[in-house]
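Visitor: Please see the structure below; I have some questions.
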Amino acid sequence: MPSLLALVLLLFSLRTAGAEPVYLPTFACVGGPQGMKLPADARQLSTLGKLQRHARAEDEPGTYRELLVFDGLTLNLIRFSAEPARMLLVSADISHPRWNRLLPFALGQPLAQARATLGPAAQTDTGLTHAYGSEAGALRLVSAGGVLTRLSYSCYTG
């Protein structure tokens, strides 16, 4: 399973590589106006829905990487052995509207609404082709037919 986790992390990093994101001073991967709304306790993540896949690999002594794959939601995390409730989000990919409850955006919403959530920095990006973020990470939005279809968060974990 560790090789699966490494492959997913590599593919995600290759997909999000490219130009610097448009700066949003309020951006955070979790919380804030553009971030995900995840449970504060990492042990509650598995209750979000039916897990399709779960992988765990030791990172450094006392920490491990965890991959949680649900239908339409993939979460890559850093977890801490001594603090089971604590987590750092490494990345997230959301491709199904059932997860809109975790987002400040809604998959299926018109791009104009997504631009409003991003704020003034996104007003001229009519197709939302830029990445948006800050020192805390970045967000890529994907659209088709003028509506939001996918979100990918890439987060700074220190």
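The values are calculated or read from the model by the stated rules, or taken from the named source; none is laboratory data. What you see is a predicted model, and the numbers here were worked out from it, not measured in a lab. Ligands, DNA and RNA are excluded from the accessible area calculation, which covers all protein heavy atoms including side chains. Shrake-Rupley method; radii C 1.70, N 1.55, O 1.52, S 1.80 Å.
Visitor: Does the range 119-158 come out rounded, prolate or oblate, given a ≥ b ≥ c as the square roots of the eigenvalues of its C-alpha gyration tensor, rounded meaning a/c under 1.5 and, failing that, prolate meaning a/b above b/c? Mind showing how you got there, number by number?
Guide: Working: a/c = 3.89, a/b = 1.60, b/c = 2.43.
Judged from the Cα gyration tensor, the range 119-158 comes out oblate (a/c at least 1.5, b/c at or above a/b).
Visitor: Please list VAL142, VAL69 from largest to smallest accessible area, probe radius 1.4 Å, with all protein chains kept in place.
Guide: Working: VAL142 65, VAL69 10 Å².
The most accessible residue leads, giving VAL142, VAL69.
Visitor: Using the Karplus equation 6.51 cos²θ - 1.76 cosθ + 1.60 (θ = phi - 60°), what ³J(HN,Hα) coupling, rounded to whole Hz, does each residue of the range 45-62 give in order, writing x for Gly and Pro?
Guide: Values per residue, Gly and Pro as x: 4, 5, 8, 5, x, 6, 6, 8, 7, 9, 9, 9, 9, 5, 9, 10, x, x Hz.
Visitor: Further, regarding this structure: How much accessible area per residue does the chain have, in Å², with a 1.4 Å probe? Each step should come with its number before you reach the end.
Guide: Numbers: 7910 Å² over 158 residues.
For the chain, the solvent-accessible area averages 50 Å² per residue.
Visitor: Can you give me the C-alpha center-to-center distance between the range 60-89 and the range 112-146, rounded to a whole angstrom?
Guide: First find each Cα centre; the distance between them is then 27 Å.
Visitor: Can you match mean projected area of the Cα convex hull in nm² to one of these, [x] 12.5; [y] 10.1; [z] 8.9, based on a calculation from the structure here?
Guide: Entry [z].
Visitor: If the chain between ALA40 and GLU60 were fully stretched, how many nm would it gain, using 0.36 nm times the residue separation less the Cα-Cα distance?
Guide: Details: separation 20, 0.36 × 20 = 7.20 nm, distance 2.28 nm.
Difference between extended and current length: 4.9 nm.
Visitor: Mind checking which of LEU88, LEU45, LEU73 has the largest fluctuation in a GNM of the chain, springs on alpha carbons under 10 Å?
Guide: Its mean-square fluctuation being the largest, the pick is LEU45.
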